[in-house]
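So the structure is just underneath, and the comments pick up after that.
The values are calculated or read from the model by the stated rules, or taken from the named source; none is laboratory data. Computed from a prediction, not measured in an experiment: that's the story for all the values here. Neighbour counts are summed over all protein chains in view; Cβ atoms, including those assigned to glycine, are modelled from backbone coordinates with ideal geometry. Note: accessible area is taken over every heavy atom of the protein model, side chains too, but ligands, DNA and RNA are not part of it. Shrake-Rupley method; radii C 1.70, N 1.55, O 1.52, S 1.80 Å.
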Amino acid sequence: MTASTVLQSILDPAGPQAAYISRLWWLMLWVTTIVFVLVLGFLAAALLRRRRATSEQSLARAVVAAVGATVVILFGLLIASVWTGRAVASLGATSAVTIEIVGHQFWWEVQFDDADPSRRVTTANELHVPVGRPVVLKVTSRDVIHSFWAPNLHGKRDLIPGYTTAIWIQADRPAVYRAQCAEFCGKQHAHMALDVVAETEAQFERWLDAQRKPAAEPANESEARGRDAFMRRQCVLCHSIRGTLARGLVGPDLTHLASRGKLAAGTLPNTRGHLGGWIMNSQEIKPGNLMPPNLMTSDELQSLLTYLEILK
Amino acid sequence: MTDRHAGARVLDVSTLAPGGFGYRSLMWWGTLGLVLIESTMFALVIGTYFYLRTRNSYWPPQNIAPPDLRWGTLNLVVMLASGVPNELAKKAAGRIDLRRVRLWLVVCLLFGVAFNTIRALEFTTLNVTFSNDAYGSIVWLLLGLHTTHIATDVVDTGVLTALMFIGPVEEQRFVDVEENAVYWYFVVLTWLPIYGVIYWAPRIIS
Amino acid sequence: MNSERELPPVLVDEAQLERTWADEPGLAGWLTSVDHKSIGIRYIATAFVFFLGGGVLALLMRIQLARPDNAFLGPDLYNQIFSTHGSNMMFLFAVPILQGLGIYFVPLMVGARAIAFPRLVAYSYWLYLAGGIFLWVSFLVNVGPDVGWFAYAPLSETLYTASKRPDVWAQMITFTEVASLAVAVSIVTTAFKMRAPGMSLNRMPIFVWAQVVTSFMVMFAMPAVMMASTALILDRLVNTHFFDVERGGDALLWQHLFWFFGHPEVYIIFIPGTGLVSTLVTTFSRRPMFGYLAVVLSLVATAFIGFGLWVHHMFATGLPQLGESFFTAASIMIAIPTGAQFFCWIATMWSGRLSFKTPFVWMLGFFVVFLIGGLSGVMVAAVPLDIQVHDTYFVVAHLHYVLIGGAVFPLFAAFYYWFPKITGRMLSEPLGMASFGLFFAGFNVVFFPMHVLGLHGMPRRIYTYLPETGWGSLNLLATAGVVLMTFGVLVFIADALRAWRAGVIAADNPWEAGTLEWATSSPPPNSNFVHLPTVAGRDPIWDNPPDQPVVVGLRSDKRDVLVTHVLDAEPDHRTIFPEPSQWPLLTALATTALFIGSIFTPRAVPYGAVPLFVTMTGWFWPKEAGETGTQQWPIEHRTLPRPNEEPGKAA
């Protein structure tokens, strides 16, 4: 990881949209707090005041004034809201990076498009973006409805099968921002996270270049045995490793698996031990996910892990 | 306890009639509630039809012909014609004319049997099945929903007719005949928009 | 006609009247009752049991979420629990219990002998009970709904959820909505046509107005969810494609239909709650409601605006900018009528002579809690803010502040308020205060931190979370608060059980209230009122002069009921109501067989229609000659008036 991880929060904005929205939040909080105190103040006065006659007429005047004040306050908040909505929507699209995100039960497919098909990059559960540049996210889903949400950057956008919609985000400082699925999508909705890795333009370009390369070739016998195991087993039915025969489209692309920070959509740190456990029986870790258990000998698993570790 | 109100004035309702026709009766309001609920239902299904239309490039989908006009249009004519015996039954009920109520209810029933039979033929000429695509699904739902109404309305009317022939006939039953006629009108009139949607929408806005 | 004359020595044979309106004895009597009071109590008691069941589910969820990576519940069970909790609380608790109060109190508050269409109301109860048992039994045998109370397609379609769980959810909807629609029609007809003479529409109690407005909302909103759930069952059972993107269907269609119902549903729950608040504010301020007309218009306005807001729940789907502004405006606007009601209540208390009894204190809890929920509602109405907090714990907090604030606090207030009327005994004041204190404190400890959790990014409907998210401590705090809430409810239950048998005997009108349910004994007689009252003001007990007439001339040997005009409540005619009947129960059983069968095979519909036809015919077929109380054949002259004739002046 190149940058520090920050906690997901609406109140710690790291991009222009989240900043606009957090300002609206603080405005709303102050206004509603004042209203709350005033209304309860009047209620308390009504409960505790010494009883003396109040004319219906003066009550009516007070109620009308209060309703009037309500209308004015709400109108003010409406204007603030519409203004914020426009500001959020107006992020310039010039020189934007376009990234497609496709939701799956229970992981994120991330694609960097390119006119030259050989330069297209597909990865999973990790979204690299350059700092200070608008990024267009085109989102859709291959199965049920999911929702992309990186609270430090922007609000949610649903990933809906049959619809492709676009939102703009921009990260202003390098860090890893956690995003999480925000639309209930089935058994493992809880473990469907994604890291937004915001890095400098140079780091981003370097990363993208590395991702464009096909998978690393085995350099020794153990790695070669690992690759054989991968190709022989059911792994290939679901996963792709560019430059090999593995071209499955059901599960995440593994071409550069070892370059990613987390496993299983933000659930586990990407270590050899976790990866081994995940391959043997992912249902123990994330029950209900769509990857079946894989029974294999310890030797076979070790060489498979050795191979996967070179997919940097 | 009975003399608790001794000295109080009273409002004597003993001379009031033991019932009333039209919007006087409770049942009229109950029927109105039912009509409101079912109108909402029909409106939502029709709304869904047009919503789905916006989500499809071809309507009906390619290689599917719109429903044949023959049976649906015939049914439109038959249903509208059933308004005549229905109105006559309603009028006869208002006059407490048992003989004519029986007559026109039976005629209504014959009409009902006729348009339910024609409805069966309509289903065979929709040119699509419900499991073909969303277009087929919504057309079948719309026609199916209306069919539930004409079927239950005929069964209701059948029971009421039987009652007017064999049951203890009382004045209140004539109010019931009137309410039944109101509901019959509702069921028949809802066919107008539904007929338009099922048979003409795919021709006009395809 | 309608002459006011000197009182005859004996107005009515009271013993005969009581026999006429009594249920049959024993279990058979219980199963055949058409008494709105028995049915109302059943609704309230059944819904309360479901409330406790839903509470246990909530407790299990809070235990699971108390710490990160907790292994107490797995995702399969947790998803069933949260889906069943939501469905249960909305469809089996909140709506039925408020309608149950309407069934019991609307006839009493308008001064009627019975509720309109009593057999339909009995049928609705059996259907509701069957739907509730169906959901809970399914849950207990591991077929509980697991796709949320909202059952979004396509997750709820067979391709993604092959089990019967979504079918259970969808058919539970059909049960409860048919029941709810039946009650709505009965309540509207009762309020419009059976009010005591003199109770013109502008004197109708606000609680009754709230029930009427709610009933109309039910009639327009429930068809949407019934249509959606029917389409879902069809997709799952016979391969239609309403929500199937591959075959021309649409995933958002579900959301439009569901929220066209789902947003008004919030007001269907909250409007009766405000009706209760208006009732209690009036009684415990010991003065007429300030701004009666404004409050009634606010209820109506809320209902109208409530139907324009469904897209409010779909902001994150990506809408055009103009649509966003419109729905933001509409969502914010609904705060105006609610605000107007708040100010009228405060004005009433300001100028009243307050009496700090338990019901009033529970109602003050409503003020604090609901105000917070309403203000956070203004926040989520703003699209930019909503797309941040939508589907997070912020919204979990918001909706519980609105629904528990808007309905549960007023409901507990109503329990304390009306318990003496229903049972003839008083609940304990000190225990009531203790229960309130525990529940109020517990509620805020549970739900207030959830606002903060949402702002810190905790999404809804997750069965667990990672330690590094930092959500652990506030979740633990929220779980701790459940203990207080639980004790609050237990204190109430213990007190209610005690008071039911051994509480202090209640007077007819222990709170010195002004509405008609207090003008009869506690508990009310079978016939509700020995003599039907007439009315000279909005709060008849306060406003009626001492010589206000009572109604005489209704038969005591038959269930004779007075029907009045819609606007001015002038007496119009009398009508004979049905005796106890086994047919509502049998019809409900036939309906249940059809509904449950039809999630397994479409053939259940034609086969199930046969017993349904038999039972409904049994229902409508006359039991004996003369049961309608009108002339028997042969009839010489019409005696029932047509709409344009004078009452009782038929040829």
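Data overview
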{"read-out": "Test result for A:THR200, within 27 Å of C:ASP386 (Cβ to Cβ) and open to solvent by 30 Å² or more (accessible area, probe 1.4 Å)", "value": "no"}
{"read-out": "Every residue from the range B:148-173 that is of a type outside the set (A, V, I, L, M, F, W, C), open to solvent by 30 Å² or more (accessible area, probe 1.4 Å) and out of contact with any Leu (no Cβ under 8 Å at 6 or more places or on another chain)", "value": "B:THR148, B:THR152, B:ASP156, B:PRO168"}
{"read-out": "Residues of the range B:161-183 classified as aliphatic (A, V, I, L, M) and under 17 Å from B:SER82 (Cβ atoms), total", "value": "3"}
{"read-out": "Enumeration of residues in the range A:258-273 that are under 22 Å from the mean Cα position of the chain (by Cα) and open to solvent by 30 Å² or more (accessible area, probe 1.4 Å)", "value": "A:ALA258, A:SER259, A:LYS262, A:PRO269, A:ASN270, A:THR271"}
{"read-out": "Hits in the range A:161-179 (condition: within 23 Å of C:PRO75 (Cβ to Cβ) and touching a helix residue (DSSP H, G or I) at 6+ places or on another chain (Cβ under 9 Å))", "value": "A:PRO161, A:ARG178"}
{"read-out": "Of residues in the range A:149-186 being assigned to a strand (DSSP E or B) and facing another protein chain (nearest Cβ under 7 Å), the one modelled with the lowest pLDDT", "value": "A:THR165"}
{"read-out": "Residue in the range C:98-106 that is farther than 24 Å from C:LEU52 by Cβ and under 19 Å from the mean Cα position of the chain (by Cα) present", "value": "yes"}
{"read-out": "Residue match in the range A:136-148 (condition: assigned to a loop (DSSP other than H, G, I, E, B), open to solvent by 40 Å² or more (accessible area, probe 1.4 Å) and within 14 Å of another protein chain (Cβ to nearest Cβ))", "value": "yes"}
{"read-out": "Filtered residue count, the range B:37-57, keeping only those that are at the interface with chain C (Cβ under 7 Å from one of its Cβ atoms), over 15 Å from B:TRP191 (Cβ atoms) and either open to solvent by 50 Å² or more (accessible area, probe 1.4 Å) or in contact (Cβ under 8 Å) with a residue 12 or more places away in the chain (or both)", "value": "5"}
{"read-out": "Number of positions in the range B:10-52 that are out of contact with any helix residue (DSSP H, G or I) (no Cβ under 8 Å at 6 or more places or on another chain) and of a type in the set (S, T, N, Q)", "value": "2"}
{"read-out": "Residue in the range A:162-172 that is of a type in the set (Phe, Trp, Tyr), farther than 25 Å from C:SER156 by Cα and not assigned by TED's automatic domain parsing to the domain that holds A:PHE106 present", "value": "no"}
{"read-out": "Hits in the range B:136-147 (condition: touching a residue at least 60 places away in the same chain (Cβ under 8 Å) and open to solvent by 10 Å² or more (accessible area, probe 1.4 Å))", "value": "B:LEU141, B:LEU145"}
{"read-out": "Qualifying residue in the range C:11-32 (condition: among the hydroxyl-bearing types (Ser, Thr, Tyr) and within 14 Å of chain A (Cβ to nearest Cβ))", "value": "no"}
{"read-out": "Check on A:VAL88, surrounded by 22 or more Cβ atoms within 10 Å (Cβ to Cβ) and in contact with a helix residue (DSSP H, G or I) (Cβ under 8 Å, 6 or more places away or on another chain)", "value": "yes"}
{"read-out": "For A:VAL67: the one exception among (1) farther than 28 Å from A:LEU24 by Cα; (2) surrounded by 13 or more Cβ atoms within 10 Å (Cβ to Cβ); (3) within 7 Å of chain C (Cβ to nearest Cβ)", "value": "(1)"}
{"read-out": "Subset of the range C:315-338 [out of contact with any Gly (no Cβ under 8 Å at 6 or more places or on another chain) and either of a type in the set (Val, Ile, Thr) or facing another protein chain (nearest Cβ under 8 Å) (or both)]", "value": "C:THR317, C:GLY318, C:ALA329, C:ILE332, C:MET333, C:ILE336"}
{"read-out": "Qualifying residue in the range C:72-85 (condition: of a type in the set (A, V, I, L, M), in a helix (DSSP H, G or I) and open to solvent by 10 Å² or more (accessible area, probe 1.4 Å))", "value": "yes"}
{"read-out": "Among residues of the range C:545-565, those that are within 31 Å of the chain's Cα centre (by Cα) and farther than 17 Å from B:VAL13 by Cα, counted", "value": "0"}
{"read-out": "Considering residues of the range C:128-144 that are among the hydrophobic types (A, V, I, L, M, F, W, C) and either farther than 17 Å from C:PRO75 by Cα or within 10 Å of another protein chain (Cβ to nearest Cβ) (or both) only, the residue surrounded by the fewest Cβ atoms within 10 Å (Cβ to Cβ)", "value": "C:VAL137"}
{"read-out": "Top-ranked residue of the range C:160-205 - restricted to ones that are farther than 29 Å from C:PHE216 by Cβ and touching a residue at least 24 places away in the same chain (Cβ under 8 Å), ranked as surrounded by the most Cβ atoms within 10 Å (Cβ to Cβ)", "value": "C:PRO166"}
{"read-out": "For B:ALA89: the one exception among (1) of a type in the set (Gly, Ala, Ser); (2) facing chain C (nearest Cβ under 10 Å); (3) closer than 23 Å to B:ALA181 by Cβ", "value": "(2)"}
{"read-out": "The range C:21-35: number of residues that are buried (at least 18 other Cβ atoms within 10 Å of the Cβ) and either modelled with pLDDT under 95 or not in a loop (DSSP other than H, G, I, E, B) (or both)", "value": "1"}
{"read-out": "The range A:34-52, subset in a helix (DSSP H, G or I) and more than 9 Å from chain C (Cβ to nearest Cβ), residue surrounded by the fewest Cβ atoms within 10 Å (Cβ to Cβ)", "value": "A:LEU48"}
{"read-out": "Conditions (1) open to solvent by less than 10 Å² (accessible area, probe 1.4 Å); (2) aromatic (Phe, Trp, Tyr); (3) within 27 Å of A:TRP25 (Cα to Cα): number failed by C:PHE412", "value": "(3)"}
{"read-out": "Candidate set from the range C:289-337 (those that are in contact with a Leu (Cβ under 9 Å, 6 or more places away or on another chain), open to solvent by 20 Å² or more (accessible area, probe 1.4 Å) and not hydrophobic (A, V, I, L, M, F, W, C)); member that is farthest from C:MET349 (Cα to Cα)", "value": "C:SER325"}
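To keep it simple, each residue is scored yes or no on (1) within 14 Å of another protein chain (Cβ to nearest Cβ); (2) closer than 17 Å to C:ILE268 by Cβ; (3) in a helix (DSSP H, G or I).
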site: C:ASP146; (1), (2), (3): yes, no, no
site: C:ASP167; (1), (2), (3): no, no, yes
site: C:VAL185; (1), (2), (3): yes, yes, yes
site: C:MET222; (1), (2), (3): yes, yes, yes
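Table: residues versus (1) over 30 Å from A:GLU284 (Cβ atoms); (2) of a type outside the set (A, V, I, L, M, F, W, C).
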residue: C:GLY29; (1), (2): yes, yes
residue: C:ALA47; (1), (2): yes, no
residue: C:LEU59; (1), (2): no, no
residue: C:ARG62; (1), (2): no, yes
residue: C:ALA71; (1), (2): no, no
residue: C:VAL106; (1), (2): yes, no
residue: C:LEU120; (1), (2): yes, no
